[in-house]
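S.K.: Take this structure, written in structure tokens, and hold onto it; I'll ask about it next.
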Amino acid sequence: MTPHPRLPLQAVLFDMDGTLVDTERLWWEAVESVAGRALGETDEPDVLGRPVEHTAQWLADATGRPAAGLAAELHREFADRVRTGIVPRPGALDLLDALAAADVPTALVTASPRAVAGLVLDALGPGRFAASVTADDTGRTKPAPDPYLAACRALGVDPAACVAVEDTDTGVASAEAAGCAVLAVPSLAPIAGAPGRTVRDTLVGVTPKELSEMAVPELRVMSWNLWLGGSRITDHRAKQVKTILDARADVVGLQETAGASARELAAALGWYHHTAGENLGIISRYPITARLGDPEVGFYGVAGVRIAVRPGREVDVWTAHLHYTPYGPYEYHFDGLGADELVAHEQVRLGQLREALRWIGDGAVPVVLTGDFNCPSHLDWTAVEWPVTRAAEEAGFHDSYRQAHPDPVVAPGHTWSPVHPVHEDGGGRPEPQDRIDYVLHRGLRVLDSRTWVSGSPAPWPEVADNDWPSDHAAVVTTFAVEP
């Protein structure tokens, strides 16, 4: 069984008692029966999520009775209750069915012995789990990481790309120690939230996609030239905020910020921001842990940040703006220049891109490079070896839009220009439409990429009332931030 190709989630690992089936109550009753008294809140740490041997020793310490005999008695009492009183937890079977339909493997990871787990597995139905790990299978059980590590080895998956579903603090500690993301659904005792941990009241309505995002976060990156900060458009700042929200962007690489746009947009959104020079900025819903590049960069150049998508998972995001002249599509369509001349005229932009690549370097952290490059791609114009995008490719960067849409004829992805159907010189010539804005990456996986324009922008010069506050289309790419 292999994971669904659209889900970066590698596996889901389920605790049994109290998570999949309502056995925590049965276990509680069994311990009360053997203890000969009602249990209370102070007893929870030695009862909930603990293996039989631990609880037996705890009772032995309190009563003076032999631990081995107490363990056997606990086994009998609990097994009798499981045979007659097992009830699946709400939403558990629906979630298992949904994961099976999505080809996401599952494993059972329990601190109960194999004999008890077998009873539950029979009740849930054969074949629901690709692997199972019980108290009999590892030298240490929960809260040690061993059971979850054993399950991941059995499935051949990376713990960091898995979600463990648990109902007790003991189980949560085990899963997190193994490196798994956790969905906690408390059964008898509350569980606090924490980084990398999601707490829900129930499994009802939980989907494979939600679990996937818990294990392998999706990062939605937008590249957007704001067109002189948006100043040509009435109420431009509110329209920019709406655009970013509608695009569901997590981080935006901005060009033509007019100095204040990144700061003001971040304030309106409640996000983090970085401003570099008069033209470049980055805004992010995720914390910025470092600011990269030259803060005094000129109008053209590159600026970057490091963002913490989740503790232990950081991504560098850069924004670049390259010089707008000479503009290759004009030289080709209007002046009739050939491929060699077009390539020769890219030297200024090529030098700017190479300087940007020097700033970015070759670190191990995944990198996204957004930007208005003001030049076409060699992946689109196969007759012209456009050197700027080729240099980025040679530095290990992949074009996210072209990865998602390999055929430039079927999906041209034009970003210049939604408001210039004809050239602005007044001569009536059609404006060359081209893809000059990019979201490039190194070390991530593309889930989706698209150009983004809202509404039907009126053409230049009657643009003030447009809902779309730019002369460029944006590019929005969704990445899986894998371990």
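S.K.: Can you tell me how many residues in the stretch 146-181 are modelled with pLDDT of 95 or more, surrounded by fewer than 24 Cβ atoms within 10 Å (Cβ to Cβ) and either in contact with an Asp or Glu (Cβ under 8 Å, 6 or more places away or on another chain) or among the aromatic types (Phe, Trp, Tyr) (or both)?
M.R.: Within the stretch 146-181, residues that are modelled with pLDDT of 95 or more, surrounded by fewer than 24 Cβ atoms within 10 Å (Cβ to Cβ) and either in contact with an Asp or Glu (Cβ under 8 Å, 6 or more places away or on another chain) or among the aromatic types (Phe, Trp, Tyr) (or both) number 1.
S.K.: May I ask you to list the residues in the stretch 188-211 that are within 21 Å of Asp169 (Cβ to Cβ), hydroxyl-bearing (Ser, Thr, Tyr), assigned to a loop (DSSP other than H, G, I, E, B) and in contact with a helix residue (DSSP H, G or I) (Cβ under 8 Å, 6 or more places away or on another chain)?
M.R.: As a first pass, look at the stretch 188-211 and keep what is within 21 Å of Asp169 (Cβ to Cβ): 188-203, 206, 211.
Subsequent filtering for residues that are hydroxyl-bearing (Ser, Thr, Tyr) retains 198, 202.
Still in the running and assigned to a loop (DSSP other than H, G, I, E, B): 202.
None - no residue of the stretch 188-211 is within 21 Å of Asp169 (Cβ to Cβ), hydroxyl-bearing (Ser, Thr, Tyr), assigned to a loop (DSSP other than H, G, I, E, B) and in contact with a helix residue (DSSP H, G or I) (Cβ under 8 Å, 6 or more places away or on another chain), so the list stays empty.
S.K.: Given the structure, is Val120 aliphatic (A, V, I, L, M) and open to solvent by 60 Å² or more (accessible area, probe 1.4 Å)? Lay out the reasoning, then the answer.
M.R.: Working: aliphatic (A, V, I, L, M): yes; open to solvent by 60 Å² or more (accessible area, probe 1.4 Å): no.
Here the answer is no, as Val120 does not meet what is asked.
S.K.: Condition first: charged (D, E, K, R), within 25 Å of Val34 (Cβ to Cβ), in a helix (DSSP H, G or I) and open to solvent by 60 Å² or more (accessible area, probe 1.4 Å). Now tell me which residues in the stretch 63-117 satisfy that. Reasoning before the result, please.
M.R.: Looking only at the stretch 63-117, we keep the residues that are charged (D, E, K, R), and these are 65, 73, 76-77, 80-81, 83, 89, 94, 97, 103, 114.
From the residues that got through so far, the ones that are within 25 Å of Val34 (Cβ to Cβ) too are 65, 73, 76-77, 80-81, 83, 89, 114.
Now restrict to residues that are in a helix (DSSP H, G or I): 73, 76-77, 80-81, 83, 114.
Result: Arg76, Asp80, Arg83, Arg114.
S.K.: Looking for whichever is on the phi > 0 side of the Ramachandran plot and either hydrophobic (A, V, I, L, M, F, W, C) or surrounded by fewer than 16 Cβ atoms within 10 Å (Cβ to Cβ) (or both) here; the options are Gly443, Gly426, Gly413. Which one fits?
M.R.: Working: Gly443 fails: either hydrophobic (A, V, I, L, M, F, W, C) or surrounded by fewer than 16 Cβ atoms within 10 Å (Cβ to Cβ) (or both); Gly413 fails: either hydrophobic (A, V, I, L, M, F, W, C) or surrounded by fewer than 16 Cβ atoms within 10 Å (Cβ to Cβ) (or both).
None of the others qualify; the one that does is Gly426.
S.K.: Something else now. For the stretch 372-392, indicate whether the set of residues that are assigned to a loop (DSSP other than H, G, I, E, B), basic (Lys, Arg) and within 28 Å of Asp335 (Cα to Cα) is non-empty.
M.R.: No: the stretch 372-392 contains no residue that is assigned to a loop (DSSP other than H, G, I, E, B), basic (Lys, Arg) and within 28 Å of Asp335 (Cα to Cα).
S.K.: Take the residues of the stretch 355-383 that are over 22 Å from Leu219 (Cα atoms) and at pLDDT below 95: which is least open to solvent (accessible area, probe 1.4 Å)?
M.R.: Here the answer is Trp381.
S.K.: Every residue in the stretch 438-475 that is in a strand (DSSP E or B), over 17 Å from Leu254 (Cα atoms), modelled with pLDDT of 95 or more and not basic (Lys, Arg), please.
M.R.: Ser449, the sole residue that qualifies.
S.K.: Something else about it: Here's a check for you: in the stretch 384-402, which residue that is within 28 Å of Trp227 (Cβ to Cβ) and touching a Lys or Arg at 6+ places or on another chain (Cβ under 9 Å) is most open to solvent (accessible area, probe 1.4 Å)?
M.R.: His398
S.K.: Further, regarding this structure: Can you confirm whether Val120 is outside any loop (DSSP other than H, G, I, E, B) and touching a helix residue (DSSP H, G or I) at 6+ places or on another chain (Cβ under 7 Å)? Full working, then the answer.
M.R.: Working: outside any loop (DSSP other than H, G, I, E, B): yes; touching a helix residue (DSSP H, G or I) at 6+ places or on another chain (Cβ under 7 Å): yes.
Yes, satisfied.
S.K.: When the stretch 456-483 is examined, which residues are found to be among the charged types (D, E, K, R) and either touching a residue at least 40 places away in the same chain (Cβ under 8 Å) or closer than 16 Å to Leu219 by Cα (or both)?
M.R.: Filtering the stretch 456-483 for residues among the charged types (D, E, K, R) gives 462, 465, 467, 471, 482.
Of everything in the stretch 456-483, those that are among the charged types (D, E, K, R) and either touching a residue at least 40 places away in the same chain (Cβ under 8 Å) or closer than 16 Å to Leu219 by Cα (or both) turn out to be Asp465, Asp467, Asp471, Glu482.
S.K.: Name the single residue that is surrounded by the fewest Cβ atoms within 10 Å (Cβ to Cβ) among those in the stretch 8-58 being of a type in the set (Gly, Ala, Ser), in contact (Cβ under 8 Å) with a residue 24 or more places away in the chain and farther than 30 Å from Ala480 by Cβ. Let's see the steps before the verdict.
M.R.: Step one: filter the stretch 8-58 for residues of a type in the set (Gly, Ala, Ser), giving 11, 18, 30, 33, 35-36, 38, 40, 49, 56.
Keeping just the survivors that are in contact (Cβ under 8 Å) with a residue 24 or more places away in the chain gives 11, 18, 30, 33, 35, 49.
Next, only the ones that are farther than 30 Å from Ala480 by Cβ stay: 18, 30, 33, 35, 49.
On the way: Gly18: 25, Ala30: 24, Ser33: 16, Ala35: 18, Gly49: 31.
Selected residue: Ser33.
The values are calculated or read from the model by the stated rules, or taken from the named source; none is laboratory data. Everything quoted here is computed from the prediction, not taken from an experiment. When we count neighbours, we look across all protein chains shown, and the Cβ atoms used for this are built from the backbone with ideal geometry, even at glycine. Each accessible area value is taken on the protein alone, full model and side chains, heavy atoms only, with ligands, DNA and RNA left out. Shrake-Rupley method; radii C 1.70, N 1.55, O 1.52, S 1.80 Å.
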